[in-house]
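Novice: What follows is a single structure, and I will ask about it in a moment.
The values are calculated or read from the model by the stated rules, or taken from the named source; none is laboratory data. Being a predicted model, the structure only gives us computed values, none of them experimental. Cβ placement follows ideal geometry from the backbone for every residue including glycine, while neighbour counts extend to all protein chains displayed.
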Amino acid sequence: MAENRLLEVAGHWLPRMEVAGIPSATARAVIEAAGSWENWCAAWSAEGERHARLAAAAEDADHPVTAGEAYARAALFHHFAQFMLFDDLGQKRAATARKLAAFQKAAPLLDPPAKRLVIPFEGAALTGYLRVPGEARGSVVIVPGSDSTKEEFPAFEAHFLRRGLATLSLDGPGQGEGRCLGPLRPDITAAVAVAIDALRAAGAPRKVALVGMAFGGHLALRAAAGLADLRGAVSINGFADLGAMWDGFPQVYRDNMRFALGVEEGDGDGGETRRRAAGFTLTGVPAPSVPVLVVHGARDRIFPPAEAEAQIDWAGGGRLEVLAEGNHVCNNIPWLYRPMVADWVMDRLAP
């Protein structure tokens, strides 16, 4: 069973690891070194520490570019060490702490640098990383999914930065550091609103679009419905109704949902997790007043492409791109979907 979990996680998410910035051969070598699910977190964490040591050596040698890249890579290894780990929360917390520490060292060394924003919200704080290129013409708020976090996105941010757009990768409530605010919630409009205020206060361009990936695609569209001062919203392999898909989810994703939605481990038949999942729906939510782009992989084994059509129907129209060869979040064809999204956003923000 544990070995099957390792193969299931690798089978669903290996392309995501690769497109985030971990070479395929390296990811496969770490998976092989793990050998079984029990060793997954330790193997990925060990590789993360290796890259952190490379980064520290590069810093000592006054090679900041190399150091920044290696620290960011170390954060990725620590992220993937814990992203699907729900049966040992102690290991998960330790790997998460190493991820956060590595990326905080990477942030000022990136080009452009990533400025950590701590945004007061509901008696706690949201956190995000803001990157502003020279002569920035607009701003993009990137909304993670149920198991992704702001530290996963430098390679994605690069597509916007090269087009003169600032990026704010944000941990919303229930995401990454946003777990301090409780589990994932269906409506993150208020959180996105204060994040937009914060990026503007930090000097980023006032014209803003939202881009969400997977679960974040749903969250971005729902937030866009409550925010008038936007130029556009993008859902990449998002969904319209989470509860309606429940019976088709693989077990590893149901476990992901149980953790993300804050359900106790004793939810044996998944009834409480299913009940909470049903709250993530666009049904009854007013359509947004901004342009919408929905991109979806036709081969997505988690959120079927019918969800893409449902999102467009809910929005009352928009641009729909169902990519025939795309998998979940189309990470097997990043050369197609990422420029497509970045160009569409640029056309909304910097005509």
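Novice: I'd like the full set of residues that are within 25 Å of T189 (Cβ to Cβ) and out of contact with any His (no Cβ under 6 Å at 6 or more places or on another chain), limited to the stretch 238-252. Write out each step before concluding.
Specialist: Quick first cut of the stretch 238-252, residues within 25 Å of T189 (Cβ to Cβ) only: 238-246.
Once the filter is applied, which keeps residues that are within 25 Å of T189 (Cβ to Cβ) and out of contact with any His (no Cβ under 6 Å at 6 or more places or on another chain), the stretch 238-252 yields A240, D241, L242, G243, A244, M245, W246.
Novice: Moving to a separate point now. Of the residues G317, G270, which single one is modelled with pLDDT under 95 and either on the phi > 0 side of the Ramachandran plot or out of contact with any helix residue (DSSP H, G or I) (no Cβ under 6 Å at 6 or more places or on another chain) (or both)?
Specialist: Working: G317 fails: modelled with pLDDT under 95.
None of the others qualify; the one that does is G270.
Novice: Could you check R274 against (1) in a loop (DSSP other than H, G, I, E, B); (2) of a type outside the set (G, A, S); (3) over 16 Å from the mean Cα position of the chain (by Cα) and say which number it fails?
Specialist: Result: R274 fails condition (1) only.
Novice: Do we have V234 as assigned by TED's automatic domain parsing to the domain that holds C180, surrounded by 15 or more Cβ atoms within 10 Å (Cβ to Cβ) and either at pLDDT 95 or above or not in a helix (DSSP H, G or I) (or both) here?
Specialist: Working: assigned by TED's automatic domain parsing to the domain that holds C180: yes; surrounded by 15 or more Cβ atoms within 10 Å (Cβ to Cβ): yes; either at pLDDT 95 or above or not in a helix (DSSP H, G or I) (or both): yes.
It is true that V234 is assigned by TED's automatic domain parsing to the domain that holds C180, surrounded by 15 or more Cβ atoms within 10 Å (Cβ to Cβ) and either at pLDDT 95 or above or not in a helix (DSSP H, G or I) (or both).
Novice: Across the stretch 4-27, which residue is farthest from the chain's Cα centre (by Cα) among those that are more than 21 Å from D87 (Cβ to Cβ) and loosely packed, with under 15 Cβ neighbours inside 10 Å?
Specialist: Out of the qualifying residues, it is A25.
Novice: Which of the residues belonging to the stretch 168-178 are out of contact with any Ser or Thr (no Cβ under 6 Å at 6 or more places or on another chain) and surrounded by fewer than 24 Cβ atoms within 10 Å (Cβ to Cβ)?
Specialist: P173, G174
Novice: Which numbered condition in (1) of a type outside the set (S, T, N, Q); (2) outside any strand (DSSP E or B); (3) in contact (Cβ under 8 Å) with a residue 60 or more places away in the chain; (4) touching a Lys or Arg at 6+ places or on another chain (Cβ under 6 Å) is the only one that P112 fails?
Specialist: (3)
Novice: Further question on the same structure: Return the total of residues in the stretch 260-284 being in contact with a Phe, Trp or Tyr (Cβ under 7 Å, 6 or more places away or on another chain) and either among the aliphatic types (A, V, I, L, M) or crowded, with 21+ Cβ neighbours inside 10 Å (or both).
Specialist: Filtering the stretch 260-284 for residues in contact with a Phe, Trp or Tyr (Cβ under 7 Å, 6 or more places away or on another chain) gives 274, 277, 282.
The next check asks that each one be either among the aliphatic types (A, V, I, L, M) or crowded, with 21+ Cβ neighbours inside 10 Å (or both); those that pass are 277, 282.
Result for the stretch 260-284: 2.
Novice: Does L336 count as in contact (Cβ under 8 Å) with a residue 24 or more places away in the chain and among the hydrophobic types (A, V, I, L, M, F, W, C)?
Specialist: For L336, the condition - in contact (Cβ under 8 Å) with a residue 24 or more places away in the chain and among the hydrophobic types (A, V, I, L, M, F, W, C) - is not met.
Novice: Suppose the filter is in contact with a Leu (Cβ under 8 Å, 6 or more places away or on another chain) and either β-branched (V, I, T) or without any contact (Cβ under 8 Å) to a residue 40 or more places away in the chain (or both); does I236 pass it? Give the derivation first.
Specialist: Numbers: in contact with a Leu (Cβ under 8 Å, 6 or more places away or on another chain): no; either β-branched (V, I, T) or without any contact (Cβ under 8 Å) to a residue 40 or more places away in the chain (or both): yes.
No: the conditions fail for I236.
Novice: In the stretch 143-167, which residue that is touching a Phe, Trp or Tyr at 6+ places or on another chain (Cβ under 7 Å) and within 15 Å of A114 (Cβ to Cβ) is surrounded by the most Cβ atoms within 10 Å (Cβ to Cβ)? Write out each step before concluding.
Specialist: Narrowing the stretch 143-167 to residues touching a Phe, Trp or Tyr at 6+ places or on another chain (Cβ under 7 Å): 145-147, 150-151, 167.
Cutting the leftovers down to within 15 Å of A114 (Cβ to Cβ) gives us 150-151, 167.
On the way: K150: 28, E151: 27, T167: 30.
Per the stated criteria, the residue is T167.
Novice: Within the stretch 179-195, does at least one residue satisfy the condition of being hydrophobic (A, V, I, L, M, F, W, C), in a loop (DSSP other than H, G, I, E, B) and surrounded by fewer than 19 Cβ atoms within 10 Å (Cβ to Cβ)? Give the steps one after another, and end with the answer.
Specialist: Of the residues in the stretch 179-195, the ones hydrophobic (A, V, I, L, M, F, W, C) are 180-181, 184, 188, 190-195.
Subset that is in a loop (DSSP other than H, G, I, E, B): 184, 188.
With surrounded by fewer than 19 Cβ atoms within 10 Å (Cβ to Cβ) added as a condition, the list becomes none.
Looking for residues that are hydrophobic (A, V, I, L, M, F, W, C), in a loop (DSSP other than H, G, I, E, B) and surrounded by fewer than 19 Cβ atoms within 10 Å (Cβ to Cβ), one finds none in the stretch 179-195, hence no.
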